[in-house]
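Asker: Before we start, here is the structure in question, set down as structure tokens.
Just so it is clear, none of the values below were taken in a lab; they were calculated from the coordinates. All values derive from a computational prediction rather than experimental measurement. Virtual Cβ from ideal backbone geometry, glycine too; neighbours counted across all protein chains shown.
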Ligand SMILES: Cc1ncc(COP(=O)(O)O)c(C=O)c1O
């Protein structure tokens, strides 16, 4: 059945959206922090526990067989959603763990004193603090690229560093959770490719905010690592993944970062041989099978909605929100508002803003009293907030069930701020 994005019919598939908050209908606009879950995902998890629960890859009884098959099928569904090979998908708890996986499984083994890691001032702390720690452990140097007034990466600074420094890793966000900027990944990949030296430069993409809003084709993106969180794309908390280019897995350049049962082929006192199966080599200990099943159900749900339509829906919401917010003189929007000549606006997923003379926490509290849930603060992008001198911002962020009437409720809620602060 085709369900219109943002329609009442679609909202009704998400049980929590029929809740009331502060005696008002819930208007949930905090999807960049985490999305709500459809009944299909909730049922997939419940069905797994009530019908199939057993440990995977370990037993020779029927339930273990079923559980193993469901787990493997789920991994295939998730990989297919991202147009990746199943062996290229490493299950992780979330984006943060996936990025840490690259730090421990790749960076610690390949970076040395004098090497350079390039990241940007636009990053979430997950793609920032991890590299500060790697720099401390390996002696590599951390370099940052700046952001312009429209919230776009200063690519000339990246080019300059690629040209003049021994760069080994570029770690960037795909879609910013603060400015909504969609970074031009193809252009950046090409730039990196044109500066490849004898020791290759690897490219990591933080996909936490792109996976929920646009079609991801891992092979077409042509990055070495892509990290994502399930909970931001309608799946349960506690599951996400790291996509790794197969050649890095086959060559052993990317190593496991967790060790123990499950990921081994043979264990002797002197030495352990890891599992030759690329996928299993990265599953140390018992995985969270039910959450992986839930993530596969979420991928299927999104696939049926069609990610091209999800992106289009998101663009319309961004456009509508920008149009409405620019009519409020007290508001200053952060991030791209003007498209580049001949291009679509490079912004998805959220609109964040400053409200003149009113702290973002007050803005969000007043909105909450009207049932409108938004986020306020630095959104784990303190370096970006400091870079521009923003004390804190308020962010409305969208999902497949968000409608223009939700944005209207936000705008109505914002009118209340004027009344409260006038009196
Ligand atoms: C761009 C970005 N990267 C990384 C993360 C971290 O995600 P998680 O907390 O699921 O690991 C977030 C979460 O908001 C994010 O928006």
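Asker: Normalising by the residue count of the stretch 97-241, find the relative contact order in percent from Cα pairs under 8 Å and 6+ residues apart. Each step should come with its number before you reach the end.
Answerer: Working: 232 pairs, mean separation 30.6, N = 145.
So the answer I get is 21 percent.
Asker: OK, next. How high is the relative contact order of the stretch 213-314, in percent, with contacts defined as C-alpha pairs under 8 Å that are six or more residues apart? Each step should come with its number before you reach the end.
Answerer: Values: 110 pairs, mean separation 30.7, N = 102.
Relative contact order of the stretch 213-314: 30 percent.
Asker: For the chain, give the share of DSSP beta bridges that are antiparallel, in percent and rounded to the nearest 5; count only bridges with both residues there. List each step's numbers first, then the result.
Answerer: Numbers: 29 of 48 bridges.
If we restrict to bridges inside the chain, about 60 percent are antiparallel.
Asker: Can you tell me the equivalent ellipsoid semi-axes for the stretch 332-376? Use √(5λ) from the Cα gyration tensor, largest first, whole Å.
Answerer: Taking √(5λ) for each eigenvalue gives 27, 12, 6 Å, largest first.
Asker: In percent, what relative contact order does the stretch 44-302 have, based on Cα pairs under 8 Å that are 6 or more apart in sequence?
Answerer: This gives 25 percent for the stretch 44-302.
Asker: If you don't mind, another one. Helix-only mean residue ellipticity at 222 nm, the chain, DSSP H runs n ≥ 4 weighted -39,500 (n - 2.57), per residue, nearest 500. What is it? Working shown, then result.
Answerer: Working: 14 runs with 150 residues, N = 423.
Calculated from helices alone, the mean residue ellipticity at 222 nm is -10500 deg cm²/dmol.
Asker: Given the stretch 50-209, report the % of alpha carbon pairs whose separation exceeds 28 Å.
Answerer: 32 percent
Asker: In cubic angstrom, how much convex hull volume per residue do the alpha carbon atoms of the chain span?
Answerer: On the way: hull volume 62.6 nm³, N = 423.
So the per-residue hull volume is 148 Å³.
Asker: Order by neighbour count: 104, 401, 49, fewest other Cβ atoms within 10 Å first, most last.
Answerer: Working: 104 17, 401 25, 49 11.
The most exposed by this proxy come first: 49, 104, 401.
Asker: For a protection proxy built on the mean count of beta-carbon atoms within 10 angstrom, sort 121-127, 322-328, 408-414, 150-156 highest first, please.
Answerer: Values: 121-127: 22.1, 322-328: 14.7, 408-414: 18.7, 150-156: 17.1.
My ranking of the peptides, most packed first, is 121-127, 408-414, 150-156, 322-328.
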